[in-house]
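No value in this document is a laboratory result; all are computed from the given coordinates. Here the structure is a predicted model, which means the values were calculated and not measured. Here the Cβ positions follow ideal geometry from the backbone for every residue, glycine too, while neighbour counts run over all protein chains shown.
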Amino acid sequence: MSLPSAPVRAENGSAPHDEVEARVLEERARWAMRIHDGLTQTVTSAVLELQSLRVQILADPAGAVASLSTVEAAIRADLREIRELLFELYEDRRTATAPMAEFVESLVSRWGLPARISIDGDADGAPADVIEAAHAVISESLANAAKHADTPDVDVRVHADAKELRVEVEDRGSGITDTGDDDPHFGLRMMRARAEDIGGTVEIDTTPGGGTRVVALLPVGGRGEER
């Protein structure tokens, strides 16, 4: 009688099915981050605007109608993004990455924040994973500023050099605290995880009434990676 053969091991000593499971979990985490970075925040923005309409519709019907048009446009944009995400899931197609300045300006416009934006160096020349991590940091930080800071006073600073991409988002609002069912800390954990995945760091300095400052240092490494 022959003995059962031992499972085939990969070069790193793990069984193939372990590597497959790890890759599946990694991919699921990536999609969770992407959905949170994009769709979750835009839907939250639309909900906040609809809540404000409860008061506006009585005091300013014409303004309420205009606001409804804005919400409708945002939801339609979300539907387009959902279709793109589904297409990518089935076709594994990567969409083009918007230039950093355009990306930041679109977020500032979405949340209605008259932020000051400073982009220094070739931020768009960084590898794709670095840019994606930077997008995650900026997106989450601006969303938290809009939802929890209670101030339009926000600065977004991006500096790129041969060694790293530095992202800094600072507001002078009320700081991040526990907020019940819309807890920002989940997004902050995902933002930090995204940076750490590429060897970067995220530091968050926040105090009640003293504002919040998020600084991400993302190592560039080799440049010229295809995006």
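Using unit Cβ charges (K, R positive; D, E negative) and no other charged atoms, how large, in debye to the nearest 20, is the dipole of the range 97-227 about its Cα centre?
The calculation lands at about 100 debye.
What does the highest-first list of 67-78, 98-109 look like by mean Cβ count within 10 Å?
Values: 67-78: 13.7, 98-109: 16.8.
Peptide ranking by packing, descending: 98-109, 67-78.
Treat the range 97-227 as a sphere of radius equal to its Kirkwood radius over Cα pairs and apply Stokes-Einstein at 37 °C in a medium of 0.692 mPa s; give the translational diffusion coefficient in µm²/s, rounded to a whole number.
224
Using 0.36 nm per residue of separation minus the Cα-Cα distance, give me the extension gain between His159 and Ala101 in nm, one decimal.
So the chain would gain 19.7 nm between His159 and Ala101.
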